[in-house]
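Undergrad: This is the structure I have questions about; it appears just below.
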Amino acid sequence: MSTTASPARPSAADPVGPADVAAAARVLEGVVLRTPVESSRALSALAGGPVLLKCENLQRAGSFKIRGAYVRMARLTDEEKARGVVAASAGNHAQGVALAARLLGVQATVYMPVGAALPKVAATREYGATVEHHGASVDEALDAARRHSERTGAVLIHPFDHADVVAGQGTVALEILEQVPDVRTVVVPVGGGGLAAGIVAALADRPDVQVIGVQAAGAAAYPASLAAGHPLPAGRLATMADGIAVGRPGDVPFAILAGHHVPVRTVSEEDLSRALLLVAERAKMLVEPSGAAGVAALMAGLEVATPAVVVLSGGNIDPLVLLRVVRHGLASAGRYLQMRVRIDDRPGALAALLADLAATGGNVMHVGHVRTALDLGIDEVEIGVQVETRGPDHCARVLEHLRAAGYRIEA
């Protein structure tokens, strides 16, 4: 991957600018954590220069979302606060709103998709919000939240499409400038675009710093929208990165990203899996798939000017999703070998296969035994084997050894 887009430049028409982000930072003093930046030797080697990780996964409530939610809610009038607030989210914005509401003494109701991760639902409730489930996506939950607002008078706290929210998210960039003064590139995950737009707004008077957005290919509304010049719906959302699975760009963030010609790249599910695994193994960080999107882009070949900072936007991952993603990442990285082997249906044949696998240094994780199938001979059985290996080269050696021993293999 490469990018040739020009760096961001100030625009008088921007709905949010550096002064707005600076004002938001004053609102957030004593509320949010100044999250650390950590260097990454693995990513620096890929980029050919220093790459650092901005660890918003260590932020209060597990993501950057508390920044925008608190700024938006802190600026409500007393009468608006008395009516309460309502929001919609798959998890991170929900927790940010719930925590901000608790800190400000405001009653919050949060609509979450029916399939929202249970740990995120539980955390939102523990912060004191009332959780309602509606729809299969954030967009459907947001429709329900809007109806709730119209019905009750509660103020809708949009996850990304409001100037105060964008300004709050942009405070991430102010910290980056303090921590990495010579930063040249900021790579940031993009869903509705609030975080990326806030960072662009904060850096509008720093034309030497480029911002690059990253979306999951299975939920990528921005590339087509930027090409068309106006927000377009993404259509079907199919990605493990639920934190950035947004059906349509927000009008406020889109205006900023489009106005500054910010490139938005896409990454595959395999890219996301490998990135999550690398962050866990090499950076010792637990992040959710959406939080690793920037890392995924670098691993997929995105060229950046260094020093570069990659924002790890969140760490709220369902343990069951983590288990699936780690397995997927290991497979994508060549650490798992899955194959079907046909052997003779006789005593000792399976034991011999396992012994031959042991001789290669492969660790057998799972064995399946099929004795009856239309394409099996009367004297054959099919063995499905999952083997843990040391990487792609080891996989190739395992297969070569077994085939040389006469096994019929489909890998």
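A short reminder: the numbers here are calculations on the coordinates, not readings from a lab. It should be emphasised that the depicted structure is a prediction, and the values quoted were computed from it without experimental measurement. Methodologically, a virtual Cβ is constructed for each residue, glycine included, from the backbone with ideal geometry; neighbour enumeration extends over all protein chains shown.
Undergrad: Sequence-distant or interchain residues sharing an amide H contact under 5 Å with L156, placed H: which?
TA: Excluding prolines and chain starts, which carry no amide H, the hits are V86.
Undergrad: Tally the DSSP beta bridges in the chain and give the antiparallel ones as a percent, rounded to 5.
TA: 45 percent
Undergrad: Separate question: Got a sec to turn the phi values of the stretch 165-174 into Karplus ³J(HN,Hα) couplings, 6.51 cos²θ - 1.76 cosθ + 1.60 with θ = phi - 60°, whole Hz, x for Gly and Pro?
TA: Karplus values, whole Hz, x for Gly and Pro: 5, 4, 4, x, 5, x, 5, 4, 5, 4.
Undergrad: Taking amide hydrogens as modeled 1.01 Å from N in the peptide plane, which residues meet the under 5 Å criterion relative to Q210, leaving out close sequence neighbours?
TA: HN-HN under 5 Å from Q210: T185, V186.
Undergrad: A follow-up question, please. Between M365 and residues 5 or more places away or on another chain, which pairs have amide H atoms under 5 Å apart, with H built 1.01 Å from N, and which residues are they?
TA: Q386, V387, E388
Undergrad: Give the residue from A297, G168, A228 lying farthest towards the positive end of the charge dipole for the chain; charges sit on Cβ (+1 for Lys and Arg, -1 for Asp and Glu) and the dipole is referred to the Cα centre.
TA: After comparing all options, I get G168.
Undergrad: To continue, here is another question. About the Cα centre of the stretch 334-410, how large is the charge dipole given +1 on each Lys and Arg Cβ and -1 on each Asp and Glu Cβ? Please answer in debye to the nearest 20.
TA: 220 debye
Undergrad: Here is a further query. Determine the shape class of the stretch 334-410: with a ≥ b ≥ c the square roots of the Cα gyration tensor eigenvalues, call it rounded for a/c under 1.5, and otherwise prolate if a/b is greater than b/c, oblate otherwise.
TA: prolate
Undergrad: A further question on this structure: What's the angle, to the nearest 10 degrees (0 to 90), between helix 138-152's Cα axis and the longest principal axis of the chain?
TA: So the helix axis and the longest Cα principal axis differ by about 30 degrees.
Undergrad: Please give, to one decimal in nm, the separation of the simple spin-label points placed at A355 and A45, each 7 Å out from Cα toward the Cβ.
TA: Roughly 3.9 nm, to one decimal.
Undergrad: From the residues A100, H148, L118, which one has its Cα farthest along the dipole of the stretch 65-163 in the positive direction, the dipole being from +1 and -1 charges on Cβ of Lys/Arg and Asp/Glu about the Cα centre?
TA: Value: A100.
Undergrad: Indicate the gyration tensor shape class of the stretch 72-131 (rounded, prolate or oblate), computed on the Cα atoms with a ≥ b ≥ c the square roots of the eigenvalues: a/c under 1.5 is rounded; otherwise a/b larger than b/c is prolate and the rest oblate.
TA: It is prolate, given that a/c is not under 1.5 and a/b is the larger ratio.
Undergrad: Pick out, in residue order, every one of the trypsin sites (Lys or Arg not before Pro) in the stretch 341-411 that is DSSP loop and has at most 14 other C-beta atoms within 10 Å; say none if there are none.
TA: For trypsin sites (Lys or Arg not before Pro) across the stretch 341-411 that sit outside H, G, I, E and B with at most 14 neighbouring Cβ atoms in 10 Å, the list reads R371, R390.
Undergrad: Helix 319-332 sits at what angle to the longest principal axis of the chain, using alpha carbons and giving 0 to 90 degrees rounded to 10?
TA: 60 degrees
Undergrad: Further, regarding this structure: Only sites in a loop by DSSP and with at most 12 other Cβ atoms within 10 Å count here; which GluC sites (Glu not before Pro) in the stretch 28-102 make the cut?
TA: Within the stretch 28-102, the qualifying GluC sites (Glu not before Pro) (loop, at most 12 other Cβ atoms within 10 Å) are E29.
Undergrad: Using each residue's phi in the stretch 287-301, evaluate 6.51 cos²θ - 1.76 cosθ + 1.60 at θ = phi - 60° and report the 3J(HN,Hα) Karplus result to the nearest Hz, with x for Gly and Pro.
TA: Couplings: 10, 8, x, 5, x, 9, 4, x, 4, 4, 5, 5, 5, 8, x Hz.
Undergrad: May I pose another question? For the stretch 248-261, take each phi angle, set θ = phi - 60°, evaluate the Karplus expression 6.51 cos²θ - 1.76 cosθ + 1.60, and give the result in whole Hz per residue in order, putting x for glycine and proline.
TA: Karplus-based 3J(HN,Hα) across the stretch 248-261 equals 8, x, x, 5, 5, x, 4, 4, 6, 5, 5, x, 9, 6 Hz.
Undergrad: Next question, about the same structure. When only DSSP loop residues count, what trypsin sites (Lys or Arg not before Pro) in the stretch 193-282 have their Cβ near at most 14 other Cβ atoms within 10 Å?
TA: R236
Undergrad: Taking mean projected area of the Cα convex hull in nm² as the quantity of interest, determine which of [x] 21.4; [y] 22.6; [z] 27.2 was computed from the displayed structure.
TA: Answer label, from the structure shown: [y].
Undergrad: In a Gaussian network model over the chain where Cα atoms closer than 10 Å are linked, find which of T124, T306, T152 has the largest mean-square fluctuation.
TA: T152
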